[in-house]
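What follows is a set of notes on a single structure, which appears directly below.
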Amino acid sequence: MDIFQLDKNFVNANVNRDDVDWFDANVAPFSLHGLFFDESENRYLRMPPEAAKKVDAGRYYMSAMTAGGRIRFITDSPFIALKCVVGPEFKTEGKASQGFSVYKNNRFCGVIFPNYNQFHAVVDNKIAFDGLKTPYESGLGDITIQFPNYNGVHKLYIGVQKGCSVQPPKPYRYATPVVFYGSSITQGGSCSHTGNDYIDLLSRGLDFDYINLGFSGGAKGNPNMVDYLASLNPSVFVVDYDHNAPTVEHLEKTHYPLYEKLRKAHPNTPILFLSRPNTDANPPEAAQRRDVVAQTYSRAKKQGDKHVYFIDGHTLFGKKYRDLCTVDGTHPNDFGFFRMAQTIYPTMKKILKRSIQ
């Protein structure tokens with residue numbers, strides 16, 4: 001494929017090697033996860049536009065932020081190259097926001113992200129950048145390309161060395177996606193690069209597919225959002241809803257109804273509730289919010305629900321070095337996300353095993 005002919009955004013490209021075969025990431029054998037490509041909007045999305053607009057303008061805007069998006073395939077290429085077309089709103093403050101992380105056999109190989117000079121070349125109101133990473137391991141291997149957490153993507157091309165094999169990926173062990181709903185923490189805010197949030201750590205460790213419906217400032221139990229969640233058919237719901245409820249009273253009014261709607265639509269689907277991990281800044285309020293979430297769990301259990309689970313968010317950062325777990329007292333850094341994944345892992349492992357029995 002001559003993408004220089006197909007897309008004029010790449011006239012001034014960094015990766016100009018003549019030993020690269022380029023492929024459209026939307027075409028087989030590449031496998032897209034956590035997103036879909038919307039032809040009408042010409043970009044990758046986490047939610048259908050109509051559903052997102054029913055929630056609010058913020059969800060429509062943020063549904064184009066590609067948190068949780070992955071392209072997977074198998075190749076023996078000694079390098080992986082990417083050419084990316086993104087929108088003019090593209091942010092530049094960090095690799096997790098702007099970069100594509102490359103993994104081979106679940107080992108991090110680096111982030112492909114733009115340098116400053118590439119932002120001068122804007123064509124058709126879009127920005128393009130490209131780059132190349134060399135995995136540490138040689139030979140045939142499983143490749144995962146992680147999309148940016150906080151930016152929109154219009155087009156992605158994948159390059160491998162000419163003559164190398166490109167094959168469909170091995171399916172996930174748990175192929176029916178887990179749906180995560182929550183705040184900026186769920187979206188992966190403040191990890192150093194995509195793939196270092198707690199969801200991806202769990203996904204790689206337990207080999208499950210997932211959909212990330214974390215929205216910074218936007219997890220408020222909106223009825224239309226809950227309707228959309230209930231319309232999905234996941235293997236597990238993970239409801240990380242606490243933080244963005246503006247008050248404890250709002251959380252009380254919306255948390256149990258969220259559970260009721262999910263359970264009515266999915267009588268046997270496991271639901272895991274989490275409360276906020278950063279409890280140290282305001283312990284009394286954090287405890288009140290935790291109690292609301294815990295009461296939903298307890299009430300469901302008393303009614304005979306055998307498929308509901310709860311993890312107290314205060315335990316997610318552990319006991320020692322809790323002050324090292326965030327960048328600002330709220331949002332986890334890599335260490336905080338690692339601690340969260342460690343704590344959630346045993347429960348998630350148990351839930352997934354039961355989900356396929």
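Only one of K155, K170 is touching a residue at least 24 places away in the same chain (Cβ under 8 Å) and either outside any strand (DSSP E or B) or in contact with a Leu (Cβ under 9 Å, 6 or more places away or on another chain) (or both). Can you tell me which?
Of K155, K170, the one residue that is touching a residue at least 24 places away in the same chain (Cβ under 8 Å) and either outside any strand (DSSP E or B) or in contact with a Leu (Cβ under 9 Å, 6 or more places away or on another chain) (or both) is K170.
Select, from L232, L251, L272, L213, the only residue that is aliphatic (A, V, I, L, M), in contact with a strand residue (DSSP E or B) (Cβ under 6 Å, 6 or more places away or on another chain) and crowded, with 24+ Cβ neighbours inside 10 Å.
L213
Could you check how many residues of region 179-192 are of a type outside the set (S, T, N, Q) and closer than 9 Å to N149 by Cβ?
Number of matching residues: 3.
Here are S77, S101: which of them is within 16 Å of the chain's Cα centre (by Cα) and either at pLDDT 95 or above or assigned to a helix (DSSP H, G or I) (or both)?
Just one listed residue meets the conditions, S101.
Among the residues of region 317-325, is any closer than 21 Å to G221 by Cβ and of a type outside the set (V, I, T)?
no
Restricting to region 135-189, name every residue that is of a type in the set (A, V, I, L, M, F, W, C) and buried (at least 17 other Cβ atoms within 10 Å of the Cβ).
I143, I145, F147, V153, L156, I158, V160, V166, V178, V179, F180, I185
Can you confirm whether K306 is closer than 27 Å to L258 by Cβ and more than 23 Å from the chain's Cα centre (by Cα)?
For K306, the condition - closer than 27 Å to L258 by Cβ and more than 23 Å from the chain's Cα centre (by Cα) - is met.
Which one of these is at pLDDT 95 or above and within 17 Å of A341 (Cβ to Cβ): Y228, Y174, Y157, Y256?
Answer to the check: Y174.
Looking at (1) over 21 Å from the mean Cα position of the chain (by Cα); (2) more than 29 Å from V327 (Cα to Cα), find the lone condition where Q288 falls short.
Failing condition for Q288: (2).
Would you pick out the residues in region 275-293 that are β-branched (V, I, T) and touching a strand residue (DSSP E or B) at 6+ places or on another chain (Cβ under 8 Å)?
Hit for region 275-293 is V293, nothing else.
Within region 280-310, track down each residue that is modelled with pLDDT of 95 or more, polar (S, T, N, Q) and part of a loop (DSSP other than H, G, I, E, B).
Across region 280-310, the qualifying residue is only Q303.
Name the single residue, out of those in region 206-260 being assigned to a helix (DSSP H, G or I) and either polar (S, T, N, Q) or within 15 Å of the chain's Cα centre (by Cα) (or both), that is farthest from S184 (Cα to Cα).
This residue is S231.
Hey, can you tell me all the residues within region 311-357 that are farther than 21 Å from C191 by Cα and modelled with pLDDT under 95?
Scanning region 311-357 gives K353, R354, S355, I356, Q357.
Can you tell me which condition C164 does not meet? The list is (1) modelled with pLDDT of 95 or more; (2) assigned to a strand (DSSP E or B), and all the others hold.
(2)
The values are calculated or read from the model by the stated rules, or taken from the named source; none is laboratory data. Note that the structure is predicted; figures quoted are calculated from it, not measured. Cβ: placed from backbone, ideal geometry, glycine included. Neighbour counts: every protein chain shown.
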